[in-house]
């Protein structure tokens, strides 16, 4: 092998070694806009547990009409590179809770970053693996007191039917922002308008969808 050929080979090996960590992590290198939004939101990369990726979810905090999912299937419908992120404070909280013994299901937030040219979309999921419809109502009772049952009664009945069908959601699509601006449109309406992701259960009718 000539000296020139050996030099080229060594250069190629060095490049492969430098690229290996990013390839092994399977992480998308964020655009400048995405990196800036991560800094503003104090967000860091995160690898969700299997229970999160396989979770079904709703997309309306007050009056969900459908159950969607799993989360991993939603991610697959995105048209641009995606990355999972979590706030540093939330990461510390989940690490502390996961270290405890016999800890009950707890909610935590994750952000799905979709990095498109000119538009970075953050979709925030609130997830609680192992949760139940009763736990869903209990969480809201913290804010609405005795009025929670009346306010969320119809949704709760639908969620119980979804649970009986083996399609109980343990996550919720809570917020969406584009380039840092919060989307004010109802998120379930937004999902339906996209037309890329069909529900698996109709909470109003209390039955599975055609899927």
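To keep it simple, each residue is scored yes or no on (1) modelled with pLDDT under 95; (2) within 20 Å of residue 113 (Cα to Cα); (3) within 17 Å of the chain's Cα centre (by Cα); (4) in the same structural domain as residue 180 (by TED's automatic domain parsing).
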| site | (1), (2), (3), (4) |
| --- | --- |
| 16 | yes, no, no, no |
| 19 | yes, no, no, no |
| 35 | no, yes, no, yes |
| 40 | no, yes, no, yes |
| 43 | no, yes, yes, yes |
| 46 | no, yes, yes, yes |
| 58 | yes, yes, yes, yes |
| 63 | yes, no, no, yes |
| 101 | yes, no, no, yes |
Q: Keeping to the stretch 103-148, report how many residues are modelled with pLDDT of 80 or more and on the phi < 0 side of the Ramachandran plot.
A: 22
(Q) Taking the condition of being over 19 Å from residue 114 (Cα atoms), in a helix (DSSP H, G or I) and either touching a helix residue (DSSP H, G or I) at 6+ places or on another chain (Cβ under 9 Å) or not assigned by TED's automatic domain parsing to the domain that holds residue 123 (or both), how many residues in the stretch 162-198 meet it? (A) 2
Q: Considering (1) modelled with pLDDT under 85; (2) touching a helix residue (DSSP H, G or I) at 6+ places or on another chain (Cβ under 7 Å); (3) over 21 Å from residue 82 (Cβ atoms), say which one residue 201 fails and leave the rest.
A: (1)
Q.
So, residue 91, is that one assigned by TED's automatic domain parsing to the domain that holds residue 186 and touching a helix residue (DSSP H, G or I) at 6+ places or on another chain (Cβ under 8 Å) or not?
A. no
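The values are calculated or read from the model by the stated rules, or taken from the named source; none is laboratory data. Only a predicted model underlies this, so the values are computations on that prediction, with no experimental measurement involved. Don't worry about glycine lacking a Cβ; one is built from the backbone with ideal geometry, like all the others, and counts go over all protein chains shown.
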